[in-house]
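Below is one structure; the comments refer to it alone.
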Amino acid sequence: MRRQCRIWWPKQLSLTEPSSCSFLFGWFVSCAPNSFDLVVAFACDEAALCCCQSSLKEILSETNGSMSVYLQDKSMFSLLGQCAAYPSGNDQLLKIKTEDDDQRKSCNHGTACARNRQGSSRERNEQWSCGCHKVNGSLEKHRRTAAESNHWIQMICDSDGIYGRNINWIPTLHHIHWNGKIVSQCDVHVLIYDAPRYGTHHFSIRSWNSSKQVRPLLKKPKWVTELQQKQPLNDLDAVILATNSATASKIIFERRLDSKRFCSKLSLICRYSSRLWCITTMFSSALSNGLCCGFRLIALVCQLLAVSMASLSTVLYILLQFLHSLLSFGSQRWVYTILARVFKTAWINIQIRCCQILYWPVFLQNNDFRSQSCVEYAEKAALHKHSMWSSLAVDVLLGNLIGSTMLVHAESVCLCVMNFANDSTNELRSGCVWLMGVPAGFKLNTELAEVLGMISLNAIQIWSTIWIIVGSLCIYLVKGLAILGILFGITVPAALVIDMIAISTLHISTLHWMISLVYSQQIQALAALWRLFRGRKWNPLRQRLDSYDYTVKQHIVGSLAFTPLLLLLPTTSVFYIFFTMNNLSIILACILIEVTISLIHATPYIDILLWLVRRRRFPSGIWFEINSCHSKSIHSPNGVCLEKIISKNSLQEDNPSGRSNVLVSILHSNFLSIGEIVLPHYRKVFSGVSRSYFGRSAYGILTGKRIASTLGTKLPSTMPWMSIPYKDYWCLCRKSILACMPECNCHVCEYVIH
């Protein structure tokens with residue numbers, strides 16, 4: 001079976017002219033014996049590595065230690081090999097100098113290349129007999145060690161074809177030292193990818209609904225079990241993670257390399273001349289002062305902003321701590337218990353808002369340094385970090401808009417509320433009077449209708465009298481809601497409105513509960529009497545109907561009770577339907593406000609904003625655009641690739657003629673739509689709603705049982721109350737704000753000065 005090699009090549013390396021010889025850094029991922037993935041992160045020329053060849057192993061180890069743990073378990077960041085430019089003129093830099101019979105045997109003996117390099121190999125045009133370019137110093141030792149023990153790849157630049165927009169050349173595989181063997185004949189798939197950068201784009205093979213739990217089948221088919229037991233050809237998760245870590249590895253490597261290079265140059269200068277050292281120190285000091293001047297100005301502005309925001313947050317923190325101490329002092333009193341039950345919805349939302357205000361500096365701090373090694377992890381960490389304060393900011397913004405409007409038009413709002421309350425009360429009175437007569441031509445029981453109607457009218461009259469007294473305070477309630485919305489956001493006054501609706505419609509709820517109790521008892525009695533006539537009896541232990549022999553007296557008593565209950569049922573039903581409709585309208589209004597509050601909390605505002613600005617930050621799967629497909633001869637006279645278009649099936653066949661099949665493609669990403677971003681959050685909101693809610697509600701309405709007044713949507717979880725010293729909280733807020741601002745590090749300049 002021919003070997004398969006996938007080379008993940010960063011597009012940035014192909015945008016410029018190739019250098020004569022550059023070293024490749026990245027990851028070697030092997031999942032199957034005859035297949036491997038080579039993820040190239042970046043390239044570095046020999047001149048940049050000459051001053052720190054002795055510490056290259058240490059730099060690679062430090063860079064690998066900064067990567068994610070999953071990637072470290074799958075592969076180690078290392079020096080992969082070399083990529084040399086095409087020779088010019090008669091220079092045969094990369095031509096293989098072995099015989100045909102040696103080529104057929106090169107993949108069967110593992111130590112032939114090692115013997116050629118160590119003993120009997122001949123150097124021609126600064127290369128080894130295997131075709132590897134010779135380097136000087138410890139890099140050659142590192143290359144030998146990698147080629148003998150693990151892997152080493154030698155590639156050349158191919159700039160003869162047209163491979164896409166702004167792509168000047170692509171790498172072509174010359175040969176690979178794989179576990180001590182020289183591999184030159186293999187099918188190569190070159191995948192050109194745009195190196196991910198934080199805030200720009202990244203790759204992901206996860207779909208937006210991949211975490212959705214699928215109902216398992218009772219029995220898996222045989223082919224599914226066989227497919228799961230089959231060894232995968234490549235570890236795509238590790239490869240995509242490596243591509244997302246390419247930019248971070250380059251930054252970390254260059255940072256370590258610059259520090260080593262700076263220290264080495266500094267030591268050479270110190271050894272050369274103390275006078276030259278003084279001159280260099282003065283020049284470096286002047287240069288660092290000029291560079292740090294702008295940094296210090298920016299840092300001063302950042303410090304002032306952080307101090308002002310931290311001071312404002314600390315004042316609010318002191319106010320919340322004072323209110324919490326007052327509530328804790330009276331938490332054992334019966335008044336506190338009653339108020340907590342009456343204003344249950346508002347109390348829950350106040351707790352959520354207080355926790356958000358107290359914990360925002362904790363969420364804003366970025367303590368997960370490991371997530372910075374991968375662009376995908378960094379994007380998810382940033383979205384999680386900014387989701388809470390963005391929700392809080394939008395909530396407060398809506399509260400200020402609506403609260404300011406209500407505060408300006410408080411009298412108009414109060415007048416509308418009073419008119420609506422009076423109209424609703426008049427409608428209730430008219431409905432009760434209408435039911436006491438002949439509603440819609442139905443002949444009801446006059447006595448029962450008068451009793452139910454008078455009870456309802458008296459309750460409505462008492463409540464309307466109380467409402468007149470409370471109506472004088474309506475203007476203050478409206479202004480209080482407006483101020484509460486300005487300070488704490490729109491969700492807190494909206495939750496308070498739910499509780500106030502429940503209190504202001506308490507007479508309707510009470511009348512509905514009383515009439516539904518009569519109606520349900522009447523329905524249950526009629527059902528029991530109907531079972532008596534059928535000779536059946538309900539068995540509560542076995543939850544079933546059993547046969548039962550009733551006596552004659554029981555049948556007579558049942559007949560006498562069944563007739564008046566059945567004749568009085570229309571009158572009770574009419575009143576029950578009337579108050580059920582009124583109660584349902586109140587419940588629907590409260591549920592609508594409840595759903596609005598939950599959606600305001602759950603909407604990912606920062607995700608929507610980033611999606612509108614840069615959609616590439618939300619990938620969902622990958623796809624490949626095939627650019628070219630050709631075969632390459634490894635024995636061509638001048639080392640030039642001979643291209644020809646071949647069929648798709650020919651890439652899967654063994655090629656005994658000495659040609660390697662090469663496929664070039666470009667890696668692209670699919671992106672989420674706005675619905676795919678928002679729907680998972682909204683689905684989580686309604687995950688707490690029972691699927692049988694509407695069925696149980698309909699059954700409760702028909703049988704006269706009580707129905708739930710809330711839908712049960714999920715809200716953000718509350719956290720333990722934070723109680724730390726004021727000074728510590730101020731420092732925490734300041735550090736959190738400074739952590740989110742651009743870093744103005746001048747440590748290099750300060751190091752030069754000192």
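The values are calculated or read from the model by the stated rules, or taken from the named source; none is laboratory data. The structure presented is a predicted model; accordingly, all values stated were derived computationally and were not measured. Cβ sites come from the backbone with ideal geometry, for glycine too, and all protein chains shown count toward neighbours. All accessible areas refer to the heavy atoms of the entire protein, side chains included, with ligands and DNA or RNA removed. Shrake-Rupley method; radii C 1.70, N 1.55, O 1.52, S 1.80 Å.
The table below gives the values:
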read-out	value
Residues that are surrounded by 14 or more Cβ atoms within 10 Å (Cβ to Cβ), modelled with pLDDT under 65 and outside any helix (DSSP H, G or I), drawn from the range 227-269	L233
Every residue from the range 587-624 that is part of a helix (DSSP H, G or I), surrounded by 19 or more Cβ atoms within 10 Å (Cβ to Cβ) and touching a Ser or Thr at 6+ places or on another chain (Cβ under 7 Å)	I587, C590, E594, I597, S598, H601, I606
Among the residues listed as R683, R696, R706, the single one being part of a helix (DSSP H, G or I), charged (D, E, K, R), out of contact with any Phe, Trp or Tyr (no Cβ under 7 Å at 6 or more places or on another chain) and within 22 Å of I515 (Cβ to Cβ)	R696
Within the range 464-506, tally of residues that are open to solvent by less than 40 Å² (accessible area, probe 1.4 Å) and outside any helix (DSSP H, G or I)	3
Residue pairs meeting the criteria (Cβ under 9 Å; at least 6 apart or on separate chains; first closer than 20 Å to P604 by Cβ, in the range 684-700; second assigned to a helix (DSSP H, G or I) and among the β-branched types (V, I, T))	V685/V595; F686/V595
Criterion violated by T405 - all others in (1) closer than 27 Å to H601 by Cα; (2) among the β-branched types (V, I, T); (3) at pLDDT below 90 satisfied	(3)
Any hit, the range 60-70, residues being at pLDDT 70 or above and surrounded by 22 or more Cβ atoms within 10 Å (Cβ to Cβ)	yes
Residue in the range 323-338 that is of a type outside the set (D, E, K, R) and touching a residue at least 24 places away in the same chain (Cβ under 8 Å) present	yes
Looking only at the range 514-550, and only at residues there that are among the polar types (S, T, N, Q) and in a helix (DSSP H, G or I), the one that is surrounded by the most Cβ atoms within 10 Å (Cβ to Cβ)	S516
Any hit, the range 436-452, residues being open to solvent by 60 Å² or more (accessible area, probe 1.4 Å), outside any helix (DSSP H, G or I) and either among the basic types (K, R) or under 30 Å from S313 (Cβ atoms) (or both)	yes
Among residues of the range 318-361, those that are at pLDDT below 85 and among the β-branched types (V, I, T), counted	3
Any pair with Cβ under 8 angstrom, 6 or more apart, that starts in the range 653-680 at a residue that is at positive phi and ends at one that is at pLDDT below 90	G658/Q103; G658/Q185; G658/S633; G658/I634; G658/H635
The range 7-16, residues that are surrounded by fewer than 20 Cβ atoms within 10 Å (Cβ to Cβ) and either assigned to a strand (DSSP E or B) or aliphatic (A, V, I, L, M) (or both)	L15
Hits in the range 503-524 (condition: of a type in the set (F, W, Y) and under 15 Å from I586 (Cβ atoms))	W513
Pairs with Cβ under 8 Å, 6+ apart, first in the range 512-536 and closer than 18 Å to G704 by Cα, second in a strand (DSSP E or B)	A528/W538
Output for the range 708-737, where each listed residue is hydrophobic (A, V, I, L, M, F, W, C) and open to solvent by 30 Å² or more (accessible area, probe 1.4 Å)	A708, L715, M719, W721, I724, W730, C731, L732
The range 181-219, subset modelled with pLDDT under 65 and more than 29 Å from F671 (Cβ to Cβ), residue most open to solvent (accessible area, probe 1.4 Å)	L218
